[in-house]
Every structure is written in C-alpha cells, then in structure tokens.
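Here, each number is a calculation from the coordinates, and none is a lab measurement. None of the values given here were measured: they were computed from a predicted structure. Backbone-built Cβ (ideal geometry, glycine too); neighbour counts: all protein chains shown.
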Amino acid sequence: MPRILTVDDSKAIRMIVGKQVAELGFDVDEAEDGLLGLSKLEEVTYDLVILDVTMPNMDGPAMLAKMRGDGNKTPVLMLTSESKKSIMMDVMKAGIEDYILKPFKPEELKAKVLKVLKLTGPVGASTAAAPALNVASLPMRTDPTGKQFIDILVIDDMENVGKKLKTLVPAHVTVTGALSASAAMTLCRDKVFRVVLVDTDIPDVNSAALMNQLRTLQAHAAFLALPLRTTNDVQKEQQALGFDDVIYKPFDKDSIDDFLVRYFNDQELVVADENLVKVGPFTGKEDRIEKYFGRVTRLLEETIEKLAAACFDEVIVDLSVALTKTDRTPRLVLDIKREANKRGIEVKLVANSEVATLLKKFDETAKLVISASVNEARAARAA
C-alpha cells in the first residue's frame, strides 16, 4: 500500500489532503514544516511527498533542496499559493513531479497523486466500485524539471491580441501566444500556465472543445473565453460551456486590472491559517469597492467550504483591516454567516472599533458578538 507524507504548516490543509489521500486507500503521515518532514523521511520510506511552499522553520523549496542534496529521490508534489514564476521555476529545476495551485479541488489532487504513482484508481478498488479517475488521459511529464512556467497563454488566430495584452499587464507577468489549436496543444504539453485565454471565434475550431482538451494538460489552470463585446449575455453562455470566466475584446484597462487582481492578487485578500481567516484591506479606486467585496465573498465561501471538509466546527474571521466606510461590510458579514450556517460552522468575528461601531448601526448585525483581538476570540471559544 502506498505511503504518503504531507508537509504543510496549516492543519486544515493537512486534514484535507489526508482525507482525500486516505480515500484512495493510502497510508498518510503528517509534518508541520520542512524540518519535521526531513525527520520523517529519515524514519520511513515514502512513495510520495506532498509539500507546501510557504512554511516556518524550513519552507518547501529548502526541504526539497535538502532531500535532493542527500540523494533522496522520493517523488514530490508541490502545493503552492504563490503566483511568482521564479519560485515554481526553481523548484521544478530541483526536481518535482508536478504542482497544484491552492485552493485546489479534491478531484484534482487525487488525479495528480494517482498520476505520480502511476496508478489508475484507488488501492483495492473492485470492478464493482465506482469508476476510477481518468488519469490515463493526463500527460506524463517526460522531463519534469524542464517545463517552463508562464503566467498567461493567449490562443487567438490574430497575433495582435497577444501583443496587445502584453502591453497592458505588468512586466513580471509573462504572456505567450498560440495562433492555432495545434500550436496551443503543443505549448500546453511543453509548458505550465496559470491562465489560458481562448478566442471564441477561431476559424474551423470549436473553442469549447479545445478548452476541454487543454484542461487535461493544464488541470490547474483557469480557462477564460475571449469573445467580442456584445449586448448578449456571453458570460453565462461561455460559463455554461465550461469556461471559468470571460474577458472581452477589445481589451480595456479596467477589465484587465480586474483580471489581474482576480487571478494574480486574490491570494492576499483572504488568508487562512487553520480556522483563522484574515480579510485583507481594500486598495484602489473607490468605484472598485463593490468588486473588492465580491472577490472577498467568493474567496471566503471557498475557504469556509474547505474548513467544513476538514471538520472544523467554527471559523474566526478577522476583519480588523477590512474597509469600514460602506454598508457593504455588514452585507459581507451576513454573507459569511449564511455560508457558514449552511456548512454547520459557527462564525466568530474579530474587528477594530470602527468596524464594530459600523456593524452596530444595522439591525441585522447589531447583536453580533465581536472580539477586539484573535486571542480574545479564541479565549471565548475555550470558555
């Protein structure tokens, strides 16, 4: 039976990973940081290490470098919420089998674990069991250390589209283009992308079918449709076809800014450490406040779902630096509580005096118990 070590400083992530891997019939051990992970490797032989990038004491890249330096060739699957290409390129050179961007879907984690272990389904699964994950369709990396990480792939038969996008994104965000479906397939076999943009009007190409093909090669990537602006509700149409979102042509600065915030900066808006969730501050123009709250709400919903999967029965939400001068803050709090109630999770709020005063002004949030610090909220839980 395969034995797997998951190394992550977040108890919630370790529990989620452990639950999914155990469902495959594997034995699972845990470590809270790279130093403890190395100690485990000295005691036990593992078939796979699932390794987080950012950890105290010793982070993932440092543990990986130590493993390889000591001659330990145990396959490594990296978990990361980092969008900086330099980090992933460095660890890929050090030798990892694959990586997953957090937050991840359980099916994606299972598929990649099975792929690395060269298995087609859960251990001990009988012919009468549910169908195994379709891992055979996922490409095996012939040279896992040689794949280049690129932020954005633009698939459009008009070369100027990719060139225009390059002028609108920061210099550190890498963009490459493909003028045909075959060129896109080749690139997706050879490189790793964070976001893939697919034109909806490529001659002789079914864009939705192409997107589904590319997903088997880039399971971690977000796929966005590239339609022309129209009065029709193209976004719903494309999402119904399987695209994650839509970005319209011709590009405008506001939509590109929103795109960059959502796919490259969201990780700083909501940060979870076990069941403590901190909401980041609003930065930007006043007319973007609603979009900020929309993104925060979406990320909080995803986080609460993961906490429920990890069997947490309460979440501490720290709003100390959240925006206060708008009635959108109480609406955010109500959205959080509604989502948590659906999952059977109790919400404890932490806020500064400004946020607390604002919440007291609204009937729906006036009676909420609000702690002045995380320690106070935890003490209330203990009591």
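Here is how the numbers come out for the structure above:
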{"item": "Approximate spin-label separation Gln235-Lys342, in nm, with each point projected 7 Å along Cα-to-Cβ", "result": "1.8"}
{"item": "Two-site FRET efficiency, Thr176 against Lys360, from Cβ-Cβ distance with R₀ of 41 Å, rounded to 0.05", "result": "0.20"}
{"item": "Reachable aspartates and glutamates from Lys93, criterion Cα separation under 17 angstrom, eight or more residues apart if same chain", "result": "Asp52, Asp59, Asp70, Glu82, Asp143, Asp190"}
{"item": "Isotropic mean projected area of the C-alpha convex hull, region 3-117 (nm²)", "result": "6.3"}
{"item": "Which of Phe243, Ser353, Gly280, positive extreme of dipole for the chain (C-beta unit charges)", "result": "Phe243"}
{"item": "Formal net charge of residues neighbouring Lys73 (Cβ-Cβ distance under 12 Å; K, R +1; D, E -1)", "result": "-2"}
{"item": "Least to most buried among Thr200, Thr297, Thr167 (fewest other Cβ within 10 Å first)", "result": "Thr167, Thr297, Thr200"}
{"item": "Residue order, fewest to most beta carbons within 10 Å, for Ser320, Ser39", "result": "Ser39, Ser320"}
{"item": "Of the DSSP H helices in the chain, those whose Cα atoms cover at least 20 Å axially and whose Kyte score averages -1.0 or more", "result": "289-309"}
{"item": "GNM result for the chain, Cα springs below 10 Å: residue of Pro203, Pro281, Pro106 fluctuating most strongly", "result": "Pro203"}
{"item": "Pairwise FRET efficiency - Asn160 versus Cys311, Cβ, R0 = 51 Å, nearest 0.05", "result": "0.50"}
{"item": "Residue with peak Gaussian network fluctuation, the chain [Cα springs, cutoff 10 Å], from Lys112, Lys163, Lys253", "result": "Lys253"}
{"item": "Label-point separation, Thr186 to Ala65 (7 Å along Cα→Cβ), nm", "result": "3.6"}
{"item": "DSSP beta bridge pairing in the chain, given as percent antiparallel to the nearest 5", "result": "10"}
{"item": "Helix-only [θ]222 nm of the chain, DSSP H runs n ≥ 4, -39500 (n - 2.57) each, per residue, nearest 500", "result": "-12000 deg cm²/dmol"}
{"item": "Part-to-part distance (alpha-carbon centres) for region 181-216 and region 323-383, which is given in Å", "result": "43"}
{"item": "Gaussian network model of the chain, Cα within-10 Å springs - most flexible of Ile202, Ile316, Ile100", "result": "Ile202"}
{"item": "The chain - Rg (one decimal) and Dmax (whole number), Cα, Å", "result": "22.2, 66"}
{"item": "Amide H contacts of Val315 (H built 1.01 Å from N, under 5 Å, at least 5 apart or other chain)", "result": "Glu346, Val347, Lys348"}
